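Read the structure below first, then the notes.
The values are calculated or read from the model by the stated rules, or taken from the named source; none is laboratory data. Quick caveat, the model's predicted, so the values are computed rather than measured. Backbone-built Cβ (ideal geometry, glycine too); neighbour counts: all protein chains shown. With ligands, DNA and RNA removed, areas are computed over all heavy atoms of the protein, side chains included. Shrake-Rupley method; radii C 1.70, N 1.55, O 1.52, S 1.80 Å.
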Amino acid sequence: MKNLLLLLILVFSASALAQVDPTVTLDPTTRNYIIRYQGHEGEDQNPAIVERIFEPSTKINPHVNARVSKDSLQFRYTYGITNDIASMQRIIEFDVKVVSNPGQVTGPSDSWRFSSFSFAPIFGWYSSKGEAGLSDSLDGIAPGSTEEGFSFSSDGLPGFVNSYLRGKPSSILSFPDEPPGEIARLLKPLRKFPNNTVIRRTLGPVSPPAQFIPLAFLDTLISYKHQAFALGWIREEGIVTSLDAKLEAVRPQIIADRPSAKNILQSFINELDALNSQGDQITSEAYALLKFNAQYLMSKL
C-alpha cells in the first residue's frame, strides 16, 4: 500500500511538472518579468520548475537637457542628464540618433566610453568605472544626480530626435540550464533595442532638406515651434502667438520681397535672443531649435 501511495505521488508530481508551460509574465508591482519553465536545478540537475526574474533597464525617469552652439562650420551638441530621485536604477547608457558619425566627442569623465550602433544611426555613451571597462556598482548616474558634458560636433541642423537611456538592473539574468526556445522567443522583444530603454525627445543633428524649398522650410520652422510648445520648451502661449505672427508675416514676403523676409526673420531671432536672456521663458532646446533653423532659412533666401 505504501509503495502504491509513493508511486501515485511520483506520478502526480511528474504530471504536475509536465503541465508547466514556459511563460514570461510582467509583475505590475515590481515591474519585473517572471520567467517560469520546466527545467533542472541544483548540482545534480534534478527536474524542477525553474523561476527566474528578468529586470528591465527601464526603472528610471531621466531628464535630458540639450544645448547647441555654432562655430563657422559646425554645430556643437551638449547634453546634461538628470536621473530623477524617484528612479529605481542608476543610468548607465545614453544614446542619441545622429545623421552621420559625430566629431570631437567628449564625455563627463573617462568612466564614460562612447560607441556607435552598427544597425542604426545612433551614437552614445555607456558608463564603466573600472579601467578595464568592467561593470561596477557605482556605474552611471545615481537617482537624484546629474551628469554634464556629453558632447559632439556635427554639421546637421538642430532638429527633433529620440534619445535612449538605460538603467542598471540589480542582477544579471542567468539560467541553471538551457531554457526552452519559447523562453528565448518571449524574452527577445523585451531585451531588443529600443524596447529595453526609456525614450526622451531631445535635440540632435538632422540632415538639411535635399532640395531646399523656402516655403516648405518655413512650414517646418512653424511646426518646430508648435512641437516645442507641446513639449513645454516654450513656457507661455502668448510667446507662441508673438512668434507665429512674425513667421506668418514672412510667408508672403518670401515670394514678393526676400530682403523684407530676411528682415522679419531677423526680428524673429531678436525676439528669441531676448527671451533666452530672461532665462525662464524658453528652454535652451527651443532657443537653439528655432534660432539656428531661422538663420538657415535666412541664409538660403
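Some observations on this one:
- Evaluation of residue 49 against (1) touching a residue at least 24 places away in the same chain (Cβ under 8 Å); (2) over 30 Å from residue 176 (Cβ atoms) (one fails), failing number: (2)
- The set of residues in the range 73-89 that are closer than 17 Å to residue 139 by Cα, within 15 Å of the chain's Cα centre (by Cα) and buried (at least 20 other Cβ atoms within 10 Å of the Cβ) comprises 81, 83.
- The range 176-200, residues that are surrounded by 15 or more Cβ atoms within 10 Å (Cβ to Cβ) and in a strand (DSSP E or B): 198, 200
- Pick from the range 152-175, criterion more than 30 Å from residue 72 (Cα to Cα) and part of a strand (DSSP E or B), ranking: most open to solvent (accessible area, probe 1.4 Å): 166
- Members of the range 57-72 that are open to solvent by 60 Å² or more (accessible area, probe 1.4 Å) and assigned to a loop (DSSP other than H, G, I, E, B): 71, 72
- Residue list for the range 213-247, restricted to those being over 16 Å from residue 287 (Cα atoms), touching a helix residue (DSSP H, G or I) at 6+ places or on another chain (Cβ under 8 Å) and exposed (fewer than 13 other Cβ atoms within 10 Å of the Cβ): 215
- If you go through the range 21-56 and keep only what is open to solvent by 60 Å² or more (accessible area, probe 1.4 Å), assigned to a strand (DSSP E or B) and among the hydroxyl-bearing types (Ser, Thr, Tyr), you end up with just 25.
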